[in-house]
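The values are calculated or read from the model by the stated rules, or taken from the named source; none is laboratory data. Computed from a predicted structure; not experimentally measured. Positions of Cβ are generated from backbone atoms using ideal geometry, with glycine treated the same way; all protein chains shown enter the neighbour counts.
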Amino acid sequence: MKTFKSILAFQRAFDTDEKCREHLELSRWNGTPVCPFCKSTNVHRHPNGKKFNCKVKGCRKIFSVTVGTIYENSKIGLSKWYLATYILTNHSKGISSLQLAGWLDCTQKTAWFLNHRIREMLTENEPRLLSNVVEADETFIGGKAINKHKSKRNNTKADGSFNPIEDKTPVLGMVERGGKVITKVVTKVNGEDLKLFIRWNVVEGSTLYTDELAAYKRLGKLYTHETVNHGSGEYVRGKAHTNTIEGFWSLLKRQIVGIHHSVSPKHLQRYTNESAFRYNQRGLTQDVKFEQAIGRCEGRLKYEDLIA
Ligand SMILES: [Zn+2]
């Protein structure tokens, strides 16, 4: 793996599409090209270097390393994709499309598209179960009450669910202490969704800390479950607290409010994924973060899907 001490060094290493393509071939295929259509390694490189021929009878497709990745059919050169990926994976709070357009010397529309596609690339493909000590919580994104703690709102119903608020979108989140965070954007918070979200993502027998929200009471005996009563001003009782996940929520909100100002619910999961990716990669070097992001380039988000 190449290492880059600065963004300048990074730009020098990837200043042409050619250099980026060579890197992508190594990253994706580790030196052995694979046909993206039939997965055969029986392929031949064209003399021009860019394209490959599949030699398997019945396939015989021609392809380049970008086929099947988010870069496929893109009019934007790979060197711009690479620079945008480096900036977005390493900037602690993400950057706006306007800023990115300035950095890349492209239109804001192009930057917006790159921003969204790279955010999609940062989506966790194989989530690992959380274990040991896990904090679960929910928050609301958007609207004027964005910074209000839920104990200060008057919209909790008797069964523990919330009345959906017109301009806010609920997000569920869990973090393993010392480990990673997982988020899920939902249309409303209810006990059944919370239970499934936790059961799918947390190893049985783990210790789970939540607030006193009634929706968490359905978890039965699967976990060692303790709550802190935020409603009556209790935030920490021994090891029982939700400060870690609350810390993540404030990072997420700073990113969304400070950088993007507002986010439509349709795109919110991508933003929470991006924040979770950064949070989960904390402590890694910039180079490792970049390589891991490029390693997730398979699968595409089409422009039509974005604007649908
Ligand atoms: Zn093939």
Legend entry - Extreme residue, farthest from residue 59 (Cα to Cα), among residues of segment 26-44 that are small (Gly, Ala, Ser) and more than 11 Å from the ligand (Cβ to nearest atom): 27
Inset, instruction - Answer yes or no: is there a residue in segment 77-91 that is assigned to a loop (DSSP other than H, G, I, E, B), modelled with pLDDT under 95, surrounded by fewer than 20 Cβ atoms within 10 Å (Cβ to Cβ) and within 28 Å of the chain's Cα centre (by Cα). - result: yes
Legend entry - Sole residue being modelled with pLDDT of 55 or more, touching an Asp or Glu at 6+ places or on another chain (Cβ under 6 Å) and farther than 20 Å from residue 217 by Cα, chosen from 178, 142: 142
Legend entry - Criterion violated by residue 226 - all others in (1) at pLDDT 80 or above; (2) under 30 Å from residue 116 (Cβ atoms); (3) not in a loop (DSSP other than H, G, I, E, B) satisfied: (2)
Legend entry - Residue match in segment 48-61 (condition: β-branched (Val, Ile, Thr), out of contact with any Asp or Glu (no Cβ under 9 Å at 6 or more places or on another chain) and assigned to a loop (DSSP other than H, G, I, E, B)): yes
Inset, instruction - Quick one: count up the residues across segment 96-114 that are modelled with pLDDT of 90 or more, part of a loop (DSSP other than H, G, I, E, B) and either more than 17 Å from residue 78 (Cα to Cα) or not charged (D, E, K, R) (or both). - result: 2
Legend entry - Cβ-Cβ under 6 Å pairs, at least 6 apart or on other chains, segment 113-125 side over 17 Å from residue 252 (Cβ atoms), far side modelled with pLDDT of 75 or more and β-branched (Val, Ile, Thr): 117/70; 118/85; 121/70
Inset, instruction - Write out, first by first residue and then by second, each pair whose Cβ atoms fall under 7 Å of each other, whose residues are 6+ apart or on separate chains, and whose first residue, in segment 36-48, is closer than 18 Å to residue 72 by Cβ while the second is within 11 Å of the ligand (Cβ to nearest atom) and of a type in the set (D, E, K, R). - result: 37/61; 43/55
Legend entry - Search result, residues across segment 45-66 that are within 12 Å of the ligand (Cβ to nearest atom) and within 15 Å of residue 23 (Cα to Cα): none
Inset, instruction - Report yes if some residue within segment 4-23 is in a loop (DSSP other than H, G, I, E, B), over 18 Å from residue 117 (Cβ atoms), away from the ligand (no atom under 16 Å from the Cβ) and more than 27 Å from the chain's Cα centre (by Cα); otherwise report no. - result: yes
Legend entry - Criterion (in contact with a Ser or Thr (Cβ under 9 Å, 6 or more places away or on another chain), hydroxyl-bearing (Ser, Thr, Tyr) and farther than 18 Å from residue 122 by Cβ) met by exactly one of 64, 79: 79
